[in-house]
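Notes for the one structure printed next.
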Amino acid sequence: MMKRSIKPSISIRQSGFSLLEMIAALTILAIGSGVLFSWLGQTTGQLTRFQLQEKASLARLQAIDFLSAQNPAVAPEGKQSFDGFSMEWKSEPVTEVRESISPSGGLGLYQVSLYQVQVRAFDRSGQAWFQFPIKLVGYKQVRQPSAATPF
C-alpha cells in the first residue's frame, strides 16, 4: 500500500477588507453622494423658484381683485398697499366714450369707455417686483334718473 502523505491544510481566513476593496467602496460612495447632493441642490432651487412664482401669482390675483372694484374713469391712477406688497396703477382710455342705453332704448345715465390699466407692483423694500396690463370698463354718471322711470 502506498502511503499517502497527509498535509495539514492550512487555510488562512482573511478578516476585514483589503485596501483595494475600501478604495472601491469609497469611490462608489463619493459618486453616489455627488449625484444625490446635485439632485438635492436642483430640487431646492426649483422649490424656491416655485414659491416665488406662487407668491407673485397670488399678489397678481389680489391686485386684479382690488382693481375690479375700481372705476378707472373716476380714479385713472392711484396707489394701494397690501400685506406683502404695494402697487400703483395708471389708466388710459382705449376706446371712445360711448353713451349707455337704457332698458327702454333711450339714453342711459352713464358714459362708458374701455381703459388700459398698467399695474406695477413693489415688494416690501420698494423694489419693482412685477407689472402687468389689464383692461377695465370705466363709467361716469352724466344724467340723473327721472322719477317716472325705475331705471
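Points worth noting:
- Residues (part of a loop (DSSP other than H, G, I, E, B) and either among the aromatic types (Phe, Trp, Tyr) or surrounded by fewer than 13 Cβ atoms within 10 Å (Cβ to Cβ) (or both)) located in region 97-109: Pro103, Ser104, Gly105, Gly106
- Filter result for Leu36 (under 26 Å from Phe122 (Cβ atoms), out of contact with any strand residue (DSSP E or B) (no Cβ under 6 Å at 6 or more places or on another chain), assigned to a helix (DSSP H, G or I) and not aromatic (Phe, Trp, Tyr)): no
- Out of Leu136, Leu61, sole residue that is surrounded by 14 or more Cβ atoms within 10 Å (Cβ to Cβ) and not acidic (Asp, Glu): Leu136
- Qualifying residue in region 72-83 (condition: in contact with a strand residue (DSSP E or B) (Cβ under 6 Å, 6 or more places away or on another chain), closer than 28 Å to Arg143 by Cβ and of a type in the set (A, V, I, L, M)): yes
- The listed residues are Val94, Val119, Val35, Val74, and the only one of them that is surrounded by 14 or more Cβ atoms within 10 Å (Cβ to Cβ) and of a type in the set (Val, Ile, Thr) turns out to be Val119.
- Residue among Ser113, Ser68 that is touching a residue at least 60 places away in the same chain (Cβ under 8 Å) and among the hydroxyl-bearing types (Ser, Thr, Tyr): Ser68
- Restricting region 82-91 to residues that are under 23 Å from Glu54 (Cβ atoms) and of a type in the set (Gly, Ala, Ser), the residue that is surrounded by the fewest Cβ atoms within 10 Å (Cβ to Cβ): Gly84
- Some residue of region 118-126 being assigned to a helix (DSSP H, G or I), farther than 30 Å from Ser146 by Cβ and not polar (S, T, N, Q): no
- Any chance Arg143 is at pLDDT 95 or above and either under 17 Å from Gln70 (Cα atoms) or not β-branched (Val, Ile, Thr) (or both): no
- Restricting attention to region 80-102, the residues that are over 13 Å from Leu114 (Cα atoms), in contact (Cβ under 8 Å) with a residue 12 or more places away in the chain and aliphatic (A, V, I, L, M) add up to 1.
The values are calculated or read from the model by the stated rules, or taken from the named source; none is laboratory data. Predicted, not measured: the structure shown is a model, and the values here were computed from it. Using ideal geometry, Cβ is built from the backbone for each residue, glycine included, and neighbour counts are taken over all protein chains shown.
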